[in-house]
Every structure is written in structure tokens, then in C-alpha cells.
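This report refers to the structure that appears directly beneath it.
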Amino acid sequence: MGLDVHADMLYNASSSYAPSSVPVTTLSWFYTTVGIIGGLLALEQAVYRYKKRHLPGANWTIPLIGKFADSMSPSMEGYQKQWDSGPLSVISVFNIFIVMASSNQYARKILNSPMYAEPALVHSGKQVIGSDNWVFLTGKDHVEYRKVLNLLFTRKALGIYLGLQDSVARKHFTQWLNSAAADPSAKPIMMTARQANMETSLRVFCGYHIPETAVDEINDKYWLITQSLELVNFPLPLPGTKVYKAIQARKFVMHWLELAASKSKLAMADGGAPECMMDEWVSIMAEPGYKGRKDFSNYEMAQVVFSFLFASQDAMSSGVIYGFQHLADHPDILEKVRQEQDRVRMGNYQAPMTLEMLDEMVYLQAVVKESLRVKPPVTMVPYRCKKAFPINENYTVPAGSMVIPSFYNSLHDPEVYPQPDKFYPERWLDSKGSAKSNAQNYLVFGSGPHKCIGLEYAQMSIALMLANAAVLMDFEHEITPLSSKVEIIATLFPKDGCRLKLSPRGQA
Ligand code: HEM
């Protein structure tokens, strides 16, 4: 069809723009140019068809832009249609050939084939994060770097972080309740939950080496960074563009993070006990038995924390917001969470939470796991094929293509999760049930060498926020026609931002 339209255009062009008075040389230039453009467009289609072979997907690609319009306003319905078209299917955007993998088998194969495929951020990613950030390492260099960073998520380290998470969550819920006292109407928690998450992560990563005054501004600047992560941006980061603003925001944030690293080093050198991730990192490097790299500069430590904030902020906010929405929409499940809280915390909600307490909150953990399954914050991750990738015996993904494993179908597979759209935490309590015995389907945090490094911290954070919210507040969901619709802003959010009416518990 694309070529037919193009032939029409050529015909019309030649009939209406070729008056007899036009000199012959101009006409010949005109026909040559049209011929070259026509040839290039035909080549574009031929290359697309050659790469696509038998896989599902449009037979022709829209010249030059491909499915650009769809990628500007992504919708779950649009993605679902693509995923349902086959375990492997293709699209093309701006001549980037993309293979979408929707089945569990192919998704895992891509994530676990570092020889062929590596993570590929959106085009603006390197400009925004900084191309020298560790997240762009691959292969052995990546494995070595990650080995050190894994030490920041040991149980001992998570125990240090929990106290900070607990106090920041309480502080924010007190603020939420104060605002609700002034105006009790339902309000979206989208931005307030983001803010609570950002402060929690900043405190966990940098402790009080970041002054109170900088926290809000860092949060605002991070929103500029999130907004810049569109699939396609204006190519040059000129002043006024989203990417430009995001780069300025990164410089601002990095200034505070570097300062925090230097303060942490001083505090640990003075014999202080680790109170945050940076402190823990510095003190691990000073341990006598530590054999890893020791010379991390303030800049490198700041870059790592920046990457953690970058990777976590949106996904954790999505997880928390849907956690609230699921609990508010299922009062029976919220009641069970509260009963468990009463039992484990023995009615003393002021006492800080400990890891041992969280271990005992098995139902709460099932709630978090299920909420992330029903609405996975990250539905897919873009990878790029560094060489031709024989994904099965009938198809080889061409070198240079994008290949995008999707997690949604794995997480909504009715064979593994009967009634997959139902929010049903009980499915995680049966040790022999299909959910528990098919761990390979739970791709919320990815799989393979780039699997989320913060998965335990993230689940702990969401659990802690929901636990404290359940015991401190009553929350009523004002359901709107948009509550069940999904907005994709890098991660998933309810389209109305989850409108909650809050009040102190027992006073509703
Ligand atoms: C609910 C919250 C979160 C979700 C759903 C999530 C999900 C993911 C996913 C799907 C990936 C890609 C995995 C792959 O390619 O196989 C990833 C990678 C990553 N995540 Fe998370 N994440 C979350 C929270 C966090 C947090 C809190 C941190 C930091 C403390 C973090 C740090 C990272 C990093 C650094 C990577 C890249 C790892 C690498 O390349 O080695 N994430 N995450």
C-alpha cells in the first residue's frame, strides 16, 4: 500500500509540476531527485520486509517515521495488541527495526543472552545520565562493577536503611494527614507519593549528608529528568529543550551527591557508624578483609547513587501508588494486612520497624508481590542486538536491531496465575501453587546479568510504606472513569493519579 500511495504522488507531481515553459535542465534535476527519493523509499521498504521475514507486523512501514505516532502516545491497549500478535513481532520507528518478544521463553532468552543483546536506554539516556556512568558498562566490566555494588544491598545494609525509610514515611504521612485535615476532599497521590519516595531514597543513599533544604529542589529537578525520557527527543540538547533541562538538573543533583560522598568519607574516617548507603560503602572499603576496588572517587560514588535514583524513582512510585490503589479497592485484603500488623507489632505502631518484623509479615509481602504482578511498573526493557541473534531456529534478529522483551504476558499468564487480572495475594501463600512454582514467570525485576540490583530494597520500601499507611491512616479511593486506565510515563500509573481521601485511622 505504501508504494501505491507513493506512485500516486509521483504521478501527480509529474503532471502538475511540469509545465512546458520549464527549462530541460531543471526538469531533469527534478526527475533525478524524485527518482532518488523514490528509490530510497523503496529500499527502506525492501530492507524492512527482508528483516521482518515471516514475523507478524505491518507488511509495510510508514516511510521514514514508521510507528512514530504510536510511540508518542503509548497505551496498554496498543502494546497488548502488539504482544498478542505473536511471541515475536516487529515494528519500525524512524528506521530502527524493533523485535518485540512477548512470551516468557523469548523474554528470558533475550535477558540472558549478553553475548548477543545488551540493555539500550532511550536515545537521550546517555546525554541525561552521563555517558561515563557505570550503567553503560557491559560484559566483564559490568560484572566486576556490580560485584562491589551488590555489597550495598546485603541484609546488614538493608537493616540500616530500614530505620531511615521508616522515619521518612512517617514524616510524609503526618504531612498528608495535616493537609487532609485542612481539606478533607480526595486528592491524587501521584506527586506526593513521588516526593515521599524521593526523600526516602535520598536519605537511604546519602543519609543526612544532604541538607534538608536541598531535598525538595532535588525532587523537582528529578521530575525534569523523568520528563526528558521520551522515546524520541529533539536531537540537539539546545537551551529550552527537555533534554537540556534534564542535563542541567543532573549537574545540580550531582553537585549535592558528590558533596554527600565527601562528607560521608570524612564521617567514616572520624570513626562514625554507617547511617546510610554511602557510609556503608565507605566502611566496607575500609574493612581489613575487603579485596575489591577501594579508590572510588566522590564523583563515581555520586554517579552510582544518581543511577540508583534514576532507576528507582519512577518504578518505586508506580509500585507504591498501585499498592495504595489495590488496598483501597479491596477492603477485605486491607483488613487482613491490618490484622497481621496488629499481631506482629503488638499494637505498638510507634516502635520503629525492624527486618525481623518485616520477615514475619508474610501476608504483606504477598500483597506487594501481587500488586507488582498485576501492575508491573516496568512492562518491558529495550535491548540492542550487538550481533545477529539466532533467537530460534527459524528467525535471526538482525545485528543493530532493538529487541524488546515484554514482561506483561509472563506476569498475566492464566496458566500460571489463574484469573490473571485479579488482585489475589493468597496465590503467593500456597508454597506448591502455580505462582510459587513458576518463579521464571515473575519478571517484575527482569532476569539475567542486568536484573534489578535494588529489588529487595524496592519491595521492602513499598511494604514499609503500605504497612505504616495501613496502621496510621484510613484511605478511601474516589473511583473515577480513569482509575482503571493506565498512563505510561516510562512506568505505569493510574490515569487519575489515584485520588485518595485520607484521615487518621479510626476517625473516618
Ligand atoms: C518497584 C521498583 C522497581 C522495579 C519494578 C524495577 C525494575 C527493574 C527492571 C525491570 C530492570 C531491568 C532488568 C533487566 O534488564 O533484566 C531494572 C534494572 C535496574 N534497577 Fe530496578 N526496579 C525497581 C527499583 C529499583 C531500585 C530501588 C533501585 C536502586 C536502589 C534500582 C536499580 C536498578 C539498576 C541499577 C538497574 C540496572 C542494573 C544493571 O544494569 O546491572 N531499581 N530494574
Q: Within segment 113-131, track down each residue that is modelled with pLDDT of 90 or more and away from the ligand (no atom under 11 Å from the Cβ).
A: Ser113, Met115, Tyr116
Q: Can you tell me which residue within segment 80-112, out of those that are at pLDDT 85 or above and surrounded by fewer than 18 Cβ atoms within 10 Å (Cβ to Cβ), is farthest from Arg53 (Cα to Cα)?
A: Asn112
(Q) Consider segment 177-208. How many of its residues are within 13 Å of the ligand (Cβ to nearest atom) and outside any helix (DSSP H, G or I)? (A) 0
Q: Run Ser437 past the list (1) loosely packed, with under 15 Cβ neighbours inside 10 Å; (2) at positive phi and report the number of the one that doesn't hold.
A: (2)
Q.
For segment 358-371, give me each residue that is hydrophobic (A, V, I, L, M, F, W, C) and in contact with a Phe, Trp or Tyr (Cβ under 8 Å, 6 or more places away or on another chain).
A. Ala366
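Being assigned by TED's automatic domain parsing to the domain that holds Gln195, out of contact with any strand residue (DSSP E or B) (no Cβ under 8 Å at 6 or more places or on another chain) and more than 15 Å from the ligand (Cβ to nearest atom), is that true of even one residue in segment 321-331? First the steps, then the outcome.
First, pick out the residues of segment 321-331 that are assigned by TED's automatic domain parsing to the domain that holds Gln195: 321-331.
Adding the requirement that they be out of contact with any strand residue (DSSP E or B) (no Cβ under 8 Å at 6 or more places or on another chain) leaves 323, 326, 330-331.
Applying the additional criterion that residues be more than 15 Å from the ligand (Cβ to nearest atom) yields 330-331.
Yes, that holds for at least one residue.
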Q. Looking at (1) surrounded by fewer than 16 Cβ atoms within 10 Å (Cβ to Cβ); (2) in contact with a strand residue (DSSP E or B) (Cβ under 9 Å, 6 or more places away or on another chain), which is the one condition that is false for Asp183?
A. (2)
Q | Neighbours by Cβ (under 8 Å, 6+ apart or cross-chain): first from segment 441-467, closer than 18 Å to Val362 by Cβ; second among the basic types (Lys, Arg) and within 6 Å of the ligand (Cβ to nearest atom) | A | none
Q.
Among the residues of segment 317-358, what is the count of those that are of a type in the set (Asp, Glu) and under 26 Å from the mean Cα position of the chain (by Cα)?
A. 1
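Kindly evaluate Ser131 against the criterion of being among the hydroxyl-bearing types (Ser, Thr, Tyr), within 22 Å of Leu411 (Cα to Cα) and not in a helix (DSSP H, G or I).
It is false that Ser131 is among the hydroxyl-bearing types (Ser, Thr, Tyr), within 22 Å of Leu411 (Cα to Cα) and not in a helix (DSSP H, G or I).
Do the conditions hold for Met285, that is, is it assigned by TED's automatic domain parsing to the domain that holds Phe205 and free of Cβ contacts under 8 Å to residues at least 12 places away in the same chain?
Values: assigned by TED's automatic domain parsing to the domain that holds Phe205: yes; free of Cβ contacts under 8 Å to residues at least 12 places away in the same chain: yes.
Yes: the conditions hold for Met285.
Any idea which of Ala311, Ala315 is touching a residue at least 60 places away in the same chain (Cβ under 8 Å), assigned to a helix (DSSP H, G or I), within 16 Å of the ligand (Cβ to nearest atom) and surrounded by fewer than 20 Cβ atoms within 10 Å (Cβ to Cβ)? Break it down into steps so the answer makes sense when it comes.
Numbers: Ala315 fails: surrounded by fewer than 20 Cβ atoms within 10 Å (Cβ to Cβ).
After applying the criteria, what remains is Ala311.
Kindly establish whether Ala469 is more than 16 Å from the ligand (Cβ to nearest atom) and either crowded, with 19+ Cβ neighbours inside 10 Å or under 24 Å from the mean Cα position of the chain (by Cα) (or both). Show your work before the answer.
Working: more than 16 Å from the ligand (Cβ to nearest atom): yes; either crowded, with 19+ Cβ neighbours inside 10 Å or under 24 Å from the mean Cα position of the chain (by Cα) (or both): yes.
The answer is yes for Ala469.
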Q: Answer yes or no: is there a residue in segment 339-347 that is at pLDDT 95 or above, more than 16 Å from the ligand (Cβ to nearest atom) and more than 30 Å from Lys156 (Cβ to Cβ).
A: yes
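For segment 442-461, state whether one or more residues are more than 12 Å from the ligand (Cβ to nearest atom) and at pLDDT 95 or above.
Within segment 442-461, the subset more than 12 Å from the ligand (Cβ to nearest atom) is none.
Scanning segment 442-461 turns up no residue that is more than 12 Å from the ligand (Cβ to nearest atom) and at pLDDT 95 or above.
Can you tell me which residue is nearest to Leu372 (Cα to Cα) among those in segment 475-499 that are assigned to a strand (DSSP E or B) and away from the ligand (no atom under 16 Å from the Cβ)? Give the derivation first.
The initial filter retains those residues of segment 475-499 that are assigned to a strand (DSSP E or B), namely 475-477, 486-489, 491-494, 499.
Next, from what is left, pick out any that are away from the ligand (no atom under 16 Å from the Cβ): 475-477, 487, 499.
Working: Phe475: 20, Glu476: 21, His477: 19, Glu487: 16, Arg499: 19 Å.
Checking each candidate, the answer is Glu487.
The values are calculated or read from the model by the stated rules, or taken from the named source; none is laboratory data. None of these values were measured; they are calculated from a predicted model. Methodologically, a virtual Cβ is constructed for each residue, glycine included, from the backbone with ideal geometry; neighbour enumeration extends over all protein chains shown.
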